[in-house]
Amino acid sequence: MFGLKNLFKALGFVFVITLSIYYAIYTVQYKNNIMSFEDYDPPSSLKVEGEIIKKAKFTFIDVHSHLWNMPLMDLNELIAEMDEINMGYIVNLSGSGFGPQAAKDLYFEKSTENIKENQPGRIGLFVNVDFNSIDLENHIENQVSIIRDAVTKGAIGLKVYKSLGLTNKDSKGNRVAVDDERLGPIWEVCGELGIPVLIHSADPFQFWQDKDGQNERWFELKEKPNRYYGDSDFIPPFEDIIKEQHTIFERHKKTTFINAHLGWMGNDLKRLGEHLDRYPNVVTEFGAVIAELGRQPKTARQFFIDYQDRIMFGKDSYNKEEFYTYFRVLESDDEYFSYFRKRHAFWKMYGLNLPDEVLKKVYYKNALKLFPSIDKSLFE
């Protein structure tokens, strides 16, 4: 019979063996100087000028943000933080939240009420619609009606999530392509109403590449393995989705599109410039991809000068402290400073030192042209 005494002996043996294994691993790592990529992050020994910028030089508009608790959020607290960093206006792209249509309608209604009652004039809402089951009768007509109704209630744009082209399905389980012709009335009504469509299509192209030492997004895919699409039988290649997106830009010339995240062309600004040249109804913003600009300061600075009328400020996820890096990249000529999230940029940043007139356009002037309802006196 295996008694209590023998049980303790067995547990003790296992404990000793476990400690021995851990000690052996530690010894091998220490003697061979083995360290994980996550742990290797030495402070720079460079002695160069530069400092954190905690307040934008000019009052700015963030055209790409997600505030997921807008119906219940303390907007006075939000605006106080915005004032600290000189943000005059923020656009909440997630104006309808998620869920069934009744939940989205309520979310939008309560968000609108919260803004009107507490901080009118400082926050804008985009509406969101459903791209699933587009083959069902009256589905597209209903989405068009939702857009019209939201605009009468104050919506200033339509946000299209990356699920269109990646995961949205019709009633038969087929992928809904970004350029599915049945979606045409959605893009057309936005042009008719004079509201822009901010559209995020696909994801960084590295999410389709092999997960190996040649992939710049290896660390991100290690931390977020669900972002890898290279082995999917359902999701098409990156370039196919991007081509679908560009097709709707071509088809719907009277609608203004904001190609989010620099259209995933931040690594190839020559291609992005050619893209903007080809589609005069497209503008862009750099939410979540400022790190691409910060590692190519000479090329990015010239790009901003050349396309100064087509670029707007965008951040994506809201975090006050993270804006400091954006300001530093755009405004300073600082060298070799860190980004705030290693999985997005294991490299260092450099400032673009943009001219004031370019900064003003990127910070607020271009957005004011696109959103005439924003109070211009906030930026004088």
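Nothing in this text is a laboratory measurement; each read-out follows from the coordinates by a stated rule. None of the values given here were measured: they were computed from a predicted structure. For neighbour counting, all protein chains shown are included, and Cβ atoms are generated from backbone atoms with ideal geometry for every residue, glycine included.
Worth pointing out:
- Region 79-154 and region 210-286 have their alpha-carbon centroids 25 Å apart.
- Mean Cβ count within 10 Å, highest first, over the residues of peptides 256-266, 224-234, 84-94, 161-171: 256-266, 84-94, 161-171, 224-234
- Over 32 Å between alpha carbons, listed pairs K253/K348; K47/K369; K57/K298; K254/K298; K169/K360: K253/K348; K47/K369; K254/K298; K169/K360
- Neighbourhood net charge (12 Å Cβ-Cβ; Lys/Arg +1, Asp/Glu -1) for H246: -2
- Where Rh is the Kirkwood radius over Cα pairs, Rg/Rh for region 158-226: 1.11
- Debye intensity ratio in log₁₀ form over the Cα atoms of the chain, taken at each q of 0.08, 0.10, 0.12 Å⁻¹: -0.48, -0.71, -0.96
- Global geometry of region 37-192, whether rounded, prolate or oblate, following the gyration tensor of its Cα atoms and the 1.5 cut on a/c: oblate
- Label-point separation, T299 to N174 (7 Å along Cα→Cβ), nm: 3.9 nm
- Every helix of 4 or more DSSP H residues in the chain counts as -39500 (n - 2.57), and over all residues that averages to -11500 deg cm²/dmol at 222 nm.
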